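Read the structure below first, then the notes.
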Amino acid sequence: VLGNEGYTCTLNSIIGTDTTSNNLTIEGDHLSGYGHDDVVQLDVTAKFQSMFSQFVWAFPNVQIVQLNHTDIEEIASGIFENHSNYILNTLSIDTCNVSRINANAFIGLHNLKHLHIWSCKVQVLDDRAFYGLQNLEELNLFDNELTEVSPKALEPLVNLNHFSASFNQITHIDGQLFTNNPLLHTIYFYNNLIASIQRTFIDGLSHLRYLM
């Protein structure tokens, strides 16, 4: 599909190979005159258990990747580590079975600015889950099963300006949660189970405009 963002390719099935393998084969037809190198956005609806890094690298110029209704259960450590020159700036993981985000899950994605992990089943967020995402501006953890977010998890995100953890099961907001995120202007925590908030959690947030 050709749209405002450029050439979008949809991957809706993986045929003739083990979907847990590291040797996936991509088959299908592009628009006339276009190929893998022209893909700017990749929409993935294929059912597979392993993370998409095994095949997304076939599209070297992709900037936006959306995973919808896949079978992945965790975001493993270091899956992007060998792709530090990758230009991906937006990653959305939507309505999947991701229960855990491990340490160093996104290391190597130095250009990532928007990360959406929503309507999944995330319960565990490692303290180093977002290590290496120093350029990230937006983190959306909407509609998961988190009971807490550790200040350590957000520590690397020095350029973060938008944070959402709405529709989770968070019970407490730590006073040091946003200590390393001075550029935040939007924070969403609505529809949680919050019983206690340390007032210092907004100290130093001089750019804050929206808090819900």
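Can Leu154 be described as in contact with a Ser or Thr (Cβ under 8 Å, 6 or more places away or on another chain) and within 30 Å of Ile79 (Cα to Cα)?
No.
Restricting to segment 183-212, count the residues that are among the aliphatic types (A, V, I, L, M) and part of a loop (DSSP other than H, G, I, E, B).
The qualifying residues number 8.
For segment 136-149, filtered to residues that are assigned to a loop (DSSP other than H, G, I, E, B) and more than 13 Å from Asn181 (Cβ to Cβ), the residue that is most open to solvent (accessible area, probe 1.4 Å) is Glu148.
Residue under question is Ile75, and the condition is that it be among the hydrophobic types (A, V, I, L, M, F, W, C), at negative phi and at pLDDT 85 or above; does it hold? Taking the combined requirement at face value, the residue does not satisfy it. Within segment 18-37, the presence of at least one residue that is at pLDDT 60 or above and either closer than 20 Å to Asn135 by Cβ or outside any loop (DSSP other than H, G, I, E, B) (or both) is confirmed. Residue selection: Tyr188 fails the criterion of being out of contact with any Pro (no Cβ under 9 Å at 6 or more places or on another chain), of a type in the set (Phe, Trp, Tyr) and more than 25 Å from Glu74 (Cα to Cα).
For Phe163, state whether it is in contact with a helix residue (DSSP H, G or I) (Cβ under 9 Å, 6 or more places away or on another chain) and surrounded by 18 or more Cβ atoms within 10 Å (Cβ to Cβ). Judged against the criteria, Phe163 is a match. Selection over segment 148-161 of residues that are in contact with a His (Cβ under 9 Å, 6 or more places away or on another chain) and either among the β-branched types (Val, Ile, Thr) or touching a residue at least 60 places away in the same chain (Cβ under 8 Å) (or both) gives a count of 0.
The values are calculated or read from the model by the stated rules, or taken from the named source; none is laboratory data. Being a predicted model, the structure only gives us computed values, none of them experimental. Virtual Cβ from ideal backbone geometry, glycine too; neighbours counted across all protein chains shown. Just the protein is used for accessible areas: all its heavy atoms, side chains included, with ligands, DNA and RNA removed. Shrake-Rupley method; radii C 1.70, N 1.55, O 1.52, S 1.80 Å.
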